[in-house]
Amino acid sequence: MGAVVLVLAMTSCAGSSQAPGVAPDLSAKARAQGLVLVVVTLRAPEGASPSAIAALKKAVLAEIASTRHRVVRELTGLPQIALEASTDTLQALGASANVARIDESIAQPPLR
């Protein structure tokens, strides 16, 4: 039996590329479903070292530690984290100075 591969695709949330806030439709979806799958892009300087990115991820995960969330993937070497996030998690991420943007992630089947 073959392995199933899912590709996470980001869809832009209104306003998320300019400010770290959370789009109202994403917050509403989290309220309705309990959790939403998002890709969080961290505010890392261009050319940041892997250790600097890892420290930034650790700081963001500490900021959301008291909220309901699940780390799906940390995307090693990239300033991004894929999370299942609750409304409280989204609110904390939206207020974080360490977060550049929050995008909803939608699982899509691989192209053949």
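Residues in segment 72-89 that are under 9 Å from the mean Cα position of the chain (by Cα) and more than 15 Å from Ala44 (Cβ to Cβ): Ala82, Leu83, Glu84, Ala85. Note on segment 59-111: residues that are of a type outside the set (A, V, I, L, M) and within 20 Å of Ala32 (Cα to Cα) amount to 14.
When each of Leu26, Leu61, Leu56, Leu6 is tested for being of a type in the set (A, V, I, L, M, F, W, C), over 11 Å from Thr89 (Cα atoms) and at pLDDT 95 or above, the lone residue that passes is Leu56. For segment 35-63, filtering for residues that are more than 12 Å from Asn98 (Cα to Cα) and β-branched (Val, Ile, Thr) leaves 3. Among the residues of segment 56-112, those that are basic (Lys, Arg) and either surrounded by 20 or more Cβ atoms within 10 Å (Cβ to Cβ) or touching a helix residue (DSSP H, G or I) at 6+ places or on another chain (Cβ under 8 Å) (or both) comprise Lys57, Arg68, Arg101.
The values are calculated or read from the model by the stated rules, or taken from the named source; none is laboratory data. Keep in mind it's a predicted model, so treat the numbers as computed, not measured. Cβ coordinates were reconstructed from backbone atoms using ideal geometry, including for glycine residues, and neighbour counts include every protein chain displayed.
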